[in-house]
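A.B. asks: Got a structure for you, questions after.
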Amino acid sequence: RWDKNLQLLLEFKKRNGHCRVQQRLENGLGNWVHTQRCLYNKGTLKQDRIQKLNNVEFEWKVQSQNNQAFWDINFQLLLEFKKKMVMFE
């Protein structure tokens, strides 16, 4: 299961150019990413998993440390949403 989520993260990164998955989005992937950060911060994430995430340039700290990047991501999500909604008009 963990490796499946890692693969989903790689697919997300390929589409978006980063691993900053919104917690409420991406069909549970955001929750998984959040959990990995929490486990890492508690010191309970297994070393091999830390290495795998480091290999894909996983960002261990986000949002509060880089508000501009967080804003940019949300703005891109808004543009994508608007584009999808235009299709339904």
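A.B. asks: Could you say which residue among Q51, Q22, Q36, Q7 is modelled with pLDDT of 95 or more and closer than 23 Å to N74 by Cβ? Explain how you work it out, then say what you get.
C.D. replies: Working: Q51 fails: closer than 23 Å to N74 by Cβ; Q22 fails: modelled with pLDDT of 95 or more; Q7 fails: closer than 23 Å to N74 by Cβ.
Exactly one of Q51, Q22, Q36, Q7 is modelled with pLDDT of 95 or more and closer than 23 Å to N74 by Cβ, namely Q36.
A.B. asks: In addition: So which residues in segment 21-33 are within 8 Å of the chain's Cα centre (by Cα) and either surrounded by fewer than 16 Cβ atoms within 10 Å (Cβ to Cβ) or assigned to a loop (DSSP other than H, G, I, E, B) (or both), if there are any at all?
C.D. replies: Initial filter on segment 21-33 (within 8 Å of the chain's Cα centre (by Cα)): 21-23, 29-30, 33.
Within segment 21-33, V21, Q22, Q23 meet the criteria.
A.B. asks: Considering only residues that are open to solvent by 60 Å² or more (accessible area, probe 1.4 Å) and basic (K, R), which ones fall in segment 34-58?
C.D. replies: K42, K46, R49, K52
A.B. asks: Right, another one. Restricting attention to segment 64-80, does a residue exist that is modelled with pLDDT under 90, surrounded by fewer than 13 Cβ atoms within 10 Å (Cβ to Cβ) and in contact with a helix residue (DSSP H, G or I) (Cβ under 9 Å, 6 or more places away or on another chain)? I'd like the intermediate steps shown before the answer.
C.D. replies: Looking only at segment 64-80, we keep the residues that are modelled with pLDDT under 90, and these are 64-80.
Applying the additional criterion that residues be surrounded by fewer than 13 Cβ atoms within 10 Å (Cβ to Cβ) yields 64-65, 67-68, 71, 74-76, 78-80.
With the extra rule that they be in contact with a helix residue (DSSP H, G or I) (Cβ under 9 Å, 6 or more places away or on another chain), the set shrinks to 64, 76.
There is at least one residue in segment 64-80 that is modelled with pLDDT under 90, surrounded by fewer than 13 Cβ atoms within 10 Å (Cβ to Cβ) and in contact with a helix residue (DSSP H, G or I) (Cβ under 9 Å, 6 or more places away or on another chain).
The values are calculated or read from the model by the stated rules, or taken from the named source; none is laboratory data. Keep in mind it's a predicted model, so treat the numbers as computed, not measured. Glycine also receives a Cβ, built like all others from the backbone with ideal geometry; neighbour counts cover every protein chain displayed. Protein only, heavy atoms only, side chains kept; ligands, DNA and RNA dropped before computing areas. Shrake-Rupley method; radii C 1.70, N 1.55, O 1.52, S 1.80 Å.
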